Every structure is written in C-alpha cells, then in structure tokens.
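Chemist: Next up is a structure, given as structure tokens.
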Amino acid sequence: MKLTIIPIDGAVYVDGISFFGLDLSDAPANVHALQWDNNAGWIEFKLDNGHHPANQDITELPDWANTAKAKWDEAEVVVKTQPTTTGTQPA
C-alpha cells in the first residue's frame, strides 16, 4: 500500500485515491507529511525556526497514521455506498 498523509490539508492518499477534509487532529503538530510504501516510509517535518528538520525513517506506521488510514477507509465506504444516477441532462 502506498500511503500519503498531509495533516494540514486533512488529506489522505491510498494507492492514488485521495480524500480531503478529514479530521487529522491526532497527527503531531510538527508533521508536514507522512509517506509510506508497503513496509517502510518517512515522516516529513514542518520548518522549525527557519530550519528544516531531517525526515524520520519509519518501518511501522505510528498510531496517528493508522487513525488517518481508518478515516480514509470510512470515507471510502461512504463513497461506495452513495447511489449512482443514470439518465439524461435537460437540453
């Protein structure tokens, strides 16, 4: 699974499918983004007093990232259960 989380945007991308406006308030305030590719990834941090902290390599998703993924899962279920319409548009 490829996963990108951008807390400030409330954005979670899973394998190229994204949802925005999710409540990602569980993410640490200093996190800019998380990038994950199957079994490893990194966390990118926000500028800190004008200096850019180094990315943190990870081999396990933090709890807040698992929560963000669960919110993506919930959003996907809502989309999949929305009724679809067919027909024509008025001229």
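The values are calculated or read from the model by the stated rules, or taken from the named source; none is laboratory data. In this text, all values refer to a predicted model and were calculated from it rather than measured experimentally. Neighbour counts are summed over all protein chains in view; Cβ atoms, including those assigned to glycine, are modelled from backbone coordinates with ideal geometry. Surface accessibility is based on the protein's heavy atoms, side chains included, excluding ligands, DNA and RNA. Shrake-Rupley method; radii C 1.70, N 1.55, O 1.52, S 1.80 Å.
Chemist: Can you name every one of the strands (runs of 3 or more DSSP E) wholly within the chain that holds 3 or more residues which are out of contact with any helix residue (DSSP H, G or I) (no Cβ under 6 Å at 6 or more places or on another chain)?
Modeler: Qualifying strands (runs of 3 or more DSSP E): 2-6, 31-37, 40-45, 56-58.
Chemist: Report yes if some residue within the stretch 17-35 is at pLDDT 95 or above, surrounded by fewer than 12 Cβ atoms within 10 Å (Cβ to Cβ), touching a Ser or Thr at 6+ places or on another chain (Cβ under 7 Å) and more than 23 Å from GLU74 (Cβ to Cβ); otherwise report no.
Modeler: Checked against the condition, which is being at pLDDT 95 or above, surrounded by fewer than 12 Cβ atoms within 10 Å (Cβ to Cβ), touching a Ser or Thr at 6+ places or on another chain (Cβ under 7 Å) and more than 23 Å from GLU74 (Cβ to Cβ), the stretch 17-35 yields no hits at all.
Chemist: Which residues, taken from the stretch 47-78, are of a type in the set (Lys, Arg) and open to solvent by 80 Å² or more (accessible area, probe 1.4 Å)?
Modeler: None - no residue of the stretch 47-78 is of a type in the set (Lys, Arg) and open to solvent by 80 Å² or more (accessible area, probe 1.4 Å), so the list stays empty.
Chemist: Name the single residue, out of those in the stretch 1-16 being closer than 13 Å to LYS69 by Cβ and of a type in the set (D, E, K, R), that is surrounded by the most Cβ atoms within 10 Å (Cβ to Cβ).
Modeler: LYS2
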